[in-house]
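Input: a single structure, listed below in structure tokens.
The values are calculated or read from the model by the stated rules, or taken from the named source; none is laboratory data. From a predicted model like this one, the values you see are computed outputs, not experimental measurements. Neighbour counts run over all protein chains shown; Cβ positions are idealised from the backbone, glycine included. For the accessible areas, the whole protein counts, side chains as well, though only heavy atoms, and no ligand, DNA or RNA atoms are used. Shrake-Rupley method; radii C 1.70, N 1.55, O 1.52, S 1.80 Å.
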Amino acid sequence: MSAFPGLLQHLDRLVSIPSVSSANPALDTSNAEVIDYLARCYEDLGFSCEIVESAPTAPATAGNRKLNLIATRGSGPGGLVLAGHTDTVPLNEELWSVNPFRLTEQDGRLYGLGSTDMKGFFPIIMEALQVFADTSFRQPLIVLATADEETSMQGARTLAELGRPRARCAVIGEPTGMRPIHAHKGVMMESIDLLGQSGHSSDPDLGRNALDAMHSVIGELMSFREELRQRYHSPIFTIPRPTLNLGCIHGGDNPNRICGDCHLEFDIRLLPGMEINQMREEIRQRVLPIAERLQVQATIKPLFPGLPAFYTAPDTELVRVAERLTGHSAASVAFGTEGPLLQQLGMDTIILGPGDIDQAHQPDEFLPLDRIPPCIEVLRDLIRYYCL
Ligand SMILES: [Zn+2]
């Protein structure tokens, strides 16, 4: 589509700079070059750009620099944040039929790693800004570009702790097919380690069996799951109840040894109203008495800080405005976003972007070209509504 030569050039450049985030240090890369490029682009568009380094994660990534960009044009107490992440997931290059690190235009699609999820959002904002070249904003427009959304969300977490940025509302351009998204579930992933005492299997009294104890713990978690299902319900989600999935278990080594230790990992998908810390406390109160009774040592740990559920009320002005501009009624999605972290900053937040989640995290990821003009129009209308 020759209508947007600048946009395609920027997107080609962004796609060509690898910015994979992965919990595997061998795959993880820095996103510094993407942030530097975006900062230069937005400075050229009259934004003042500030780069904020992410706080270190535990466990540390490969030592790669992880940066976040806050690009601001205009000032005032209101305004609009347009947000996105600069990282991509790792890829299976051999499964791609085009070069993942170049933008390939073919059959009305723009192929490239991150084209849809979600490097494409930033050049689309640049394109939308063309009509405002000589306009001064009465309220700020802030473009936020974060690091490590695909893994720890450490970029957005760092900014949430710093209390930045602040505006009246925020739109995250994750792939939603231009349907406004006002809710998604939260997620927590936890591990339980039980340490008993191994011994000869011929005499159970010689040890304390961690696998036996884990059996009781799992039984308790399953009744906790049932209780959560009774306690929480939200019809806005396809799966309207909270879920608790027992994901993996390791323990012991041999049939004729008393199992000395056992490790369990599980996740919980939270509905709005379920607090991560309260869930953790309830799990402790259920598991610790079992460990004490069976004389094993229990260690309960989060595998990552957890992501709260995301919910913006359907009658919020931003939701209504986005519904009117897009012609779609607001809905929920099954994937997690930085939405709840931006919400913590006091901003009304929705997820709304041009790509499709079906194309994300896939070989031959693409952004359909015909999604670009409507997205540009909606962004222009949002900027007019919140910044002029
Ligand atoms: Zn994404």
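Some points to look at:
- Checked against (1) more than 21 Å from Pro140 (Cβ to Cβ); (2) open to solvent by less than 50 Å² (accessible area, probe 1.4 Å); (3) touching a Phe, Trp or Tyr at 6+ places or on another chain (Cβ under 7 Å), Ile383 passes all but a single condition, namely (1).
- Residue satisfying condition, being closer than 30 Å to Ile218 by Cα, within 16 Å of the ligand (Cβ to nearest atom) and not acidic (Asp, Glu), within set Val296, Val333: Val333
- Criterion: over 26 Å from Asn277 (Cα atoms) and either within 16 Å of the ligand (Cβ to nearest atom) or open to solvent by 10 Å² or more (accessible area, probe 1.4 Å) (or both) - qualifying residue of Arg168, Arg157, Arg225: Arg168
- The sole residue among Ser97, Ser16 that is at pLDDT 95 or above and open to solvent by 60 Å² or more (accessible area, probe 1.4 Å) is Ser97.
- The condition (being open to solvent by 80 Å² or more (accessible area, probe 1.4 Å) and either under 30 Å from Gly79 (Cα atoms) or not hydroxyl-bearing (Ser, Thr, Tyr) (or both)) is satisfied by just one residue among Pro308, Pro235, Pro302, Pro242: Pro235.
- Selection over the stretch 84-99 of residues that are within 16 Å of the ligand (Cβ to nearest atom) and assigned to a loop (DSSP other than H, G, I, E, B) gives a count of 5.
- Evaluated against (1) over 17 Å from the mean Cα position of the chain (by Cα); (2) in contact (Cβ under 8 Å) with a residue 40 or more places away in the chain; (3) more than 16 Å from the ligand (Cβ to nearest atom), Thr104 falls short on exactly one condition, (2).
- Pair list, Cβ under 7 Å, 6 or more apart: the stretch 313-325 residue farther than 15 Å from Val81 by Cβ and at pLDDT 95 or above, other residue open to solvent by less than 50 Å² (accessible area, probe 1.4 Å) and not hydrophobic (A, V, I, L, M, F, W, C): Pro314/His182; Val319/Pro180; Val319/His182; Val319/Thr312; Glu323/Pro180
- Elements of the type strands (runs of 3 or more DSSP E) sitting completely within the stretch 294-388 and holding at least 2 residues that are among the β-branched types (Val, Ile, Thr): these cover 297-302, 348-351.
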